[in-house]
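**Student:** Below you will find the structure I want to go over with you.
The values are calculated or read from the model by the stated rules, or taken from the named source; none is laboratory data. Since this is a predicted model, take the numbers as computed values, not measurements. Every residue, glycine among them, receives a Cβ derived from its backbone with ideal geometry; neighbour counts consider all protein chains shown. Just so you know, the surface numbers come from the protein's heavy atoms only, side chains and all, with ligands and any DNA or RNA stripped out. Shrake-Rupley method; radii C 1.70, N 1.55, O 1.52, S 1.80 Å.
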Amino acid sequence: MRHVVKRAIKKAFHEIAVEQGIKKIKTEPFEISIPKDEKFGHFSSNLAMVKASLLQRSPKEIANMLEKKLIQNELFESVESAGPGFLNIRIKPDFWVEHMNEIFTSGKSYGRVQVGHDEKVIVEFVSANPTGPLHIGHGRGAVIGDALARILDYAGYKVHTEYYINDIGLQMENLGRSILVRLSELKGEVLKEQPPYKGNYITEIANEYKNSQGKTLVNEDDENVISDAARFAAENILKGITSDLNEFGISFNKWYPESWLHANNKIEQAIEMLTRSGQIYNRDGALWIKTDSQGDEKDRVVKRANGINTYLAADIAYHKSKIDRGFTKFINIWGADHHGYVPRMRAVMVALGENPDNMIVRLVQLVSLKKDGEGIAMSTRDGVFTTLREIMDEVGVDATRFFFLMRSSDSQMEFDVELAKKQSSENPVYYIQYAHARCCNLFVTAKEKNIKQIAFSKVKREALYNADAQKLIRKILQFPDIVSICARSFQAHPVTQYLTEVATLLHYYYRHNRVVTEDEDATQARLCLIQATMITLKNGLNILGIKAPEQM
RNA sequence: GCGCCCGUAGCUCAGAUGGAUAGAGUAUCGGACUCCGAAUCCGGAGGUCGCAGGUUCGAAUCCUGCCGGGCGCACCA
């Protein structure tokens, strides 16, 4: 609907420009917005103000000229120039109703848009080290990545999701060592050292490890034992992460292990390639990559003098594999503590021959935790954290997902555990789900009264001309716009806000307009509106990965 | 010290590319079911948009400088 209006305004403006003796004129950029206050119309445009200097007329004059042109358009109920030069436009009620067709013909696909043009995009998220269970910070990144992937798919991208597993390196060694420390503790020995990872889950895994080894155990000083224990623990932890995520409604197209890159020589190949192109050089026995092109403070080491590759080296190879696999947009959901890593990775993309802007990094601010009025710092190493599983079990999957999605990712958020539990029955997500369930229930009621729904095209529409219905119709017709805003800005949270607004209008409508009545024509028309709303709510919840229950 | 994010109602947070009287949820106060589910609806109260300058027809939004909070600044990942 917005672009229909836009086209009409453009046309009118061109006519005026010609009348003023200006032949070539650009109308863009200008705005068609939906005013907060309905008295300013359904749409309003700032075109007259934007173009005032160009036509050498006052904004007010131009707005008046546009008004005269546009009022002749049969689409519009009213056109008014107002304020400093706004153009406020109202669409005829029946035209809004007519537009509902789009919802019925699209059905499950209503809201799909084409901003992606089938471009291949990879969304990498979570990618937490398999050294401990996921905590709520990971949970936030997980939901944001998952919802974004769903939205991009809905917006016409070819989406691939991936979890990168850091199953190699120092952290793995620490994990293995932690297991061995707990192992000797289980045997009743006095601890010689503190384990690098201190959480209770380490002891549990150590126990399982012991049982899996039978009686032929183990000389803790053996390096092979460390890596063996690490492998055992990582597999165990990864299983837990996978099932937590599954229960949280999240799965990946691919789990990509760092060890695969090593085993297949991908890191050496990448280093070799960049050495040949002059991006990597030798200094003091180590290999360095140039990264200052994108504002990084200094060049970075990829291979240490002792011959061991750094984490960055593996990440270079990993991103090279993304490019090699044909993706053209690369979305990385990272914790905000990685923001210093962004410039060097942009530089890496440039070195690999990519436009760095094709790598979109969403930094998810950390979740701080409030319990009993006090803040708790979270640390996997110290074993102090609230796990995603605890929150899921306490608050529920849908509410937890919605809670994370309500906030923009670059806003820090405080997760007050007590409050989240207490509010669980009044969480906005239930408000939206209830609206959906209400819609479903109306069809149950209609069925009980033996009312058979007829096709929208055959419905008498008068009942949809009243103000309550019109408000709701206008809102649900906005849905495709919301999807494209989210896809363009790579954010999910506008959807939550939008769905709350739809639910509000639905509840209001329900309270003030009886849907199923003796008046058959009106009932049919209203049922269509309810169905259209239901479709919108369901599709909207769907792209957030939240259930749309038929009853609650 | 340098860099990134944040500062909006009592609390938790929205306000895309600058637009008309700054919004939602929650908390609080008052009201609404003989009627399709009251997990709902209606109304009241609640704000120097951290502070100070600047840019312009117009700034919560852009620029500069402060103040406050978080996070980074490795041959760790």
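**Student:** Take the residues in segment A:295-317 that are among the β-branched types (Val, Ile, Thr) and either assigned to a strand (DSSP E or B) or more than 8 Å from RNA strand B (Cβ to nearest atom) (or both); name whichever of them is surrounded by the fewest Cβ atoms within 10 Å (Cβ to Cβ).
**Tutor:** By that ranking, first place goes to A:301.
**Student:** I'm checking my understanding of the structure. Among residues of segment A:439-467 that are within 14 Å of RNA strand B (Cβ to nearest atom) and among the basic types (Lys, Arg), which one is nearest to residue A:497 (Cα to Cα)?
**Tutor:** A:447
**Student:** Exactly one of (1) within 8 Å of RNA strand B (Cβ to nearest atom); (2) modelled with pLDDT of 95 or more is unmet by residue A:436. Its number?
**Tutor:** Tallying (1) within 8 Å of RNA strand B (Cβ to nearest atom); (2) modelled with pLDDT of 95 or more, residue A:436 fails exactly one: (1).
**Student:** List every residue pair whose Cβ atoms sit under 6 Å apart, with the two residues 6 or more apart in sequence or on different chains, where the first one lies in segment A:530-552 and is on the phi < 0 side of the Ramachandran plot and the second, anywhere, is modelled with pLDDT of 95 or more and of a type in the set (D, E, K, R).
**Tutor:** Filtered contacts from segment A:530-552: A:543/A:150; A:548/A:538.
**Student:** Given the conditions (1) in contact with a Ser or Thr (Cβ under 7 Å, 6 or more places away or on another chain); (2) part of a strand (DSSP E or B); (3) open to solvent by less than 20 Å² (accessible area, probe 1.4 Å), which single one is not true for residue A:176?
**Tutor:** Result: residue A:176 fails condition (2) only.
**Student:** Further question: Residue check, residue A:164 against (1) assigned to a loop (DSSP other than H, G, I, E, B); (2) crowded, with 20+ Cβ neighbours inside 10 Å, all met but one. Which one?
**Tutor:** Only one criterion in (1) assigned to a loop (DSSP other than H, G, I, E, B); (2) crowded, with 20+ Cβ neighbours inside 10 Å is unmet by residue A:164, namely (1).
**Student:** Right, here's the next one. I need a count of the residues in segment A:182-200 that are open to solvent by 30 Å² or more (accessible area, probe 1.4 Å) and touching a residue at least 40 places away in the same chain (Cβ under 8 Å).
**Tutor:** So the count comes out to 3.
**Student:** Return the residues of segment A:517-530 that are assigned to a helix (DSSP H, G or I), polar (S, T, N, Q) and either surrounded by fewer than 19 Cβ atoms within 10 Å (Cβ to Cβ) or within 11 Å of RNA strand B (Cβ to nearest atom) (or both); say none if nothing qualifies.
**Tutor:** Within segment A:517-530, A:523 is the sole residue that qualifies.
**Student:** Out of curiosity, is residue A:15 loosely packed, with under 14 Cβ neighbours inside 10 Å and acidic (Asp, Glu)?
**Tutor:** Taking the combined requirement at face value, the residue satisfies it.
**Student:** Can you report the number of residues in segment A:411-433 which are open to solvent by less than 20 Å² (accessible area, probe 1.4 Å) and within 6 Å of RNA strand B (Cβ to nearest atom)?
**Tutor:** Summing the residues that are open to solvent by less than 20 Å² (accessible area, probe 1.4 Å) and within 6 Å of RNA strand B (Cβ to nearest atom) in segment A:411-433 gives 1.
**Student:** Let me ask you something else. If you take the residues of segment A:490-516 that are among the polar types (S, T, N, Q) and more than 6 Å from RNA strand B (Cβ to nearest atom), which of them is nearest to the chain's Cα centre (by Cα)?
**Tutor:** A:491
**Student:** Tell me, which residue of segment A:318-362 that is within 21 Å of the chain's Cα centre (by Cα) and polar (S, T, N, Q) is most open to solvent (accessible area, probe 1.4 Å)?
**Tutor:** Selected residue: A:328.
**Student:** With respect to the numbered conditions (1) within 10 Å of RNA strand B (Cβ to nearest atom); (2) without any contact (Cβ under 8 Å) to a residue 12 or more places away in the chain; (3) part of a loop (DSSP other than H, G, I, E, B), which one is the sole condition not fulfilled by residue A:408?
**Tutor:** That leaves (2) as the condition not met.
**Student:** Also, quick follow-up: Looking at the structure I just gave you, is residue A:79 within 24 Å of residue A:37 (Cβ to Cβ) and either open to solvent by less than 50 Å² (accessible area, probe 1.4 Å) or small (Gly, Ala, Ser) (or both)?
**Tutor:** In short, yes.
**Student:** Among the residues of segment A:73-101, write down those that are touching a helix residue (DSSP H, G or I) at 6+ places or on another chain (Cβ under 7 Å) and either among the polar types (S, T, N, Q) or more than 16 Å from RNA strand B (Cβ to nearest atom) (or both).
**Tutor:** A:73, A:75, A:81, A:88, A:93, A:96, A:97, A:100, A:101 - these are the residues of segment A:73-101 that are touching a helix residue (DSSP H, G or I) at 6+ places or on another chain (Cβ under 7 Å) and either among the polar types (S, T, N, Q) or more than 16 Å from RNA strand B (Cβ to nearest atom) (or both).
**Student:** Could you run through segment A:432-467 and say how many residues are part of a helix (DSSP H, G or I) and polar (S, T, N, Q)?
**Tutor:** Total meeting the criteria: 4.
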